[in-house]
Amino acid sequence: MSKVAVIMGSTSDMPVMQDAIDILKGFDIEVEVDIVSAHRTPEKLFEYGKKAHERGIKVIIAGAGGAAHLPGMIASLSPLPVIGVPVKSSNSIDGWDSVLSILQMPGGVPVATVALNGAKNAGILAAQIIGTADKCTLDKVIFYKEGLKQKVIDGAEKLKKEK
């Protein structure tokens with residue numbers, strides 16, 4: 001079974017990152033969750049980044065606030081795709097420091113970046129990546145997207161009836 005790792009710099013990131021966990025579980029994707037601080041536990045970060053693929057992880061979602069080095073550092077160590085989630089934290093400059101820290105990676109070390117606090121989209125993107133090699137997951141993503149479409153259609157119909 002494909003696994004997605006959801007890591008974050010501290011427990012304070014969990015309320016944001018829970019959205020990724022929830023959406024992945026909704027797609028029946030196994031999720032590994034951990035706290036890996038780029039600044040406070042660099043040894044753990046190095047070990048995690050170098051060995052995640054050996055544990056069956058296929059995609060890493062990394063959320064971080066403030067200077068937000070976690071996604072980029074994991075991407076520098078791992079052969080896996082990394083999706084960065086900038087987190088608006090208490091020490092953040094309105095979240096822009098996190099966005100730019102994750103977005104502005106040097107050539108050769110890509111990190112896919114979602115919106116500020118956009119962990120739900122990170123989970124969907126991870127499922128889409130898994131779906132490229134797993135038909136069951138792909139079918140669930142297609143069904144999910146059809147549901148989004150139907151919600152808009154239903155909302156438009158409701159609006160017309162109310163006028």
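Read the figures in this text as sums done on the coordinates, not as results from a lab. These numbers were taken from a predicted model, which means no experiment stands behind them. Here the Cβ is made from the backbone with ideal geometry for all residues, glycine too, and neighbour counts use every protein chain on show.
The table below gives the values:
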read-out: Exposure proxy ranking, count of Cβ atoms within 10 Å, fewest first, for V85, V141, V111, V152; value: V152, V141, V111, V85
read-out: Cα-based helix-to-principal-axis angle, 119-131 vs the chain, degrees rounded to 10; value: 90
read-out: Full-extension gain in nm, E157 to D94, via 0.36 nm per residue minus C-alpha separation; value: 18.9 nm
read-out: Of M17, S76, A127, farthest towards positive along the dipole that unit charges on Lys, Arg, Asp, Glu beta carbons give the chain; value: A127
read-out: Between helix 42-51 and the chain: long-axis angle, C-alpha atoms, 0 to 90°, nearest 10; value: 60
read-out: Where the Cα pairs of segment 100-154 fall when distances are cut into 5 Å bins, in %; value: 4, 16, 18, 18, 20, 11, 9, 3, 1
read-out: Per-selection metrics, the chain (Cα): Rg and Dmax in Å; value: 16.8, 61
read-out: Simple Cβ-charge dipole of the chain, Lys/Arg +1 and Asp/Glu -1, about Cα centre, in debye nearest 20; value: 400
read-out: In degrees, nearest ten, helix 135-162 long axis to first principal axis of the chain (Cα); value: 50
read-out: Exposure proxy order (Cβ contacts within 10 Å, fewest to most) of I83, I130; value: I130, I83
